[in-house]
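Single-structure report; data block below.
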Amino acid sequence: MLGDYSEFQRRYASKTTDVEILVGTQNYADAIVPKNTSHQLWIQKISLVIATHAAHTVSFVDTSSTTIKFGAHTDAVAGAGILDAIVYDFGPKGKPAGVGKNFSVLQDAAGIIGTVHIEAYERPISGLPASLQ
């Protein structure tokens, strides 16, 4: 199972999704939403592919009061040496969001245009044996 991201997605429930960052849109506050408050999102990998650069920051966070941060990319105006693809990889098990919390893609201001691909799954927390939590 090591290295197999889809194993956790098959065992629990895949929440893999793509978010198109469009012209003039700043935030995607509920890019991924768990089934209910007793489910937890696990983010395995985030890939940001930038089509249009802007001097802004894109952040990947959950909606808990303490905000769990999964990564942030501060972009620069297009120029030589600017990366077009950024990847945050948390491995097959992933990094957990807060229980019952949504996953968001946020910009400090609208400007960056591109695609975010998120590999993720959700699993129930309540009622699971301790060995599976």
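Read-outs: derived from the displayed coordinates by stated rules, not from any lab. All values reported here derive from a predicted model rather than from experimental measurement. All Cβ positions, glycine included, derive from the backbone under ideal geometry; neighbour counts span all protein chains shown.
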**Study point:** Residues in region 26-54 that a label on HIS73 would reach, taking backbone N under 20 Å of a point 7 Å out along Cα→Cβ
**Key:** 26-32, 43-54
Check your understanding: Which ³J(HN,Hα) values, rounded to whole Hz and listed in residue order, are derived for region 44-59 from phi using the Karplus coefficients 6.51, -1.76 and 1.60 in 6.51 cos²θ - 1.76 cosθ + 1.60 with θ = phi - 60°, glycine and proline given as x?
Key -> 9, 7, 10, 10, 10, 10, 9, 9, 10, 7, 7, 7, 9, 10, 9, 10
Practice item. Please find the FRET efficiency linking GLU7 to SER47, where r is the Cβ-Cβ separation and R0 is fixed at 22 Å, and quote it to the nearest 0.05. Key: 0.70
Point to revise | Gained length - ASP18 relative to ALA55, 0.36 nm times residue gap less alpha-carbon distance | key: 11.1 nm
Practice item. For THR63, put the label point 7 Å out on the Cα→Cβ axis and report which residues of region 1-44 keep their amide N under 14 Å from it. Key: 27-41
Practice item. Compare the peptides 21-27, 34-40 by average per-residue count of other Cβ atoms within 10 angstrom and give them in order, highest first. Key: 34-40, 21-27
Point to revise | Order of THR52, THR57 - criterion: other Cβ atoms within 10 Å of each residue's Cβ, fewest first | key: THR52, THR57
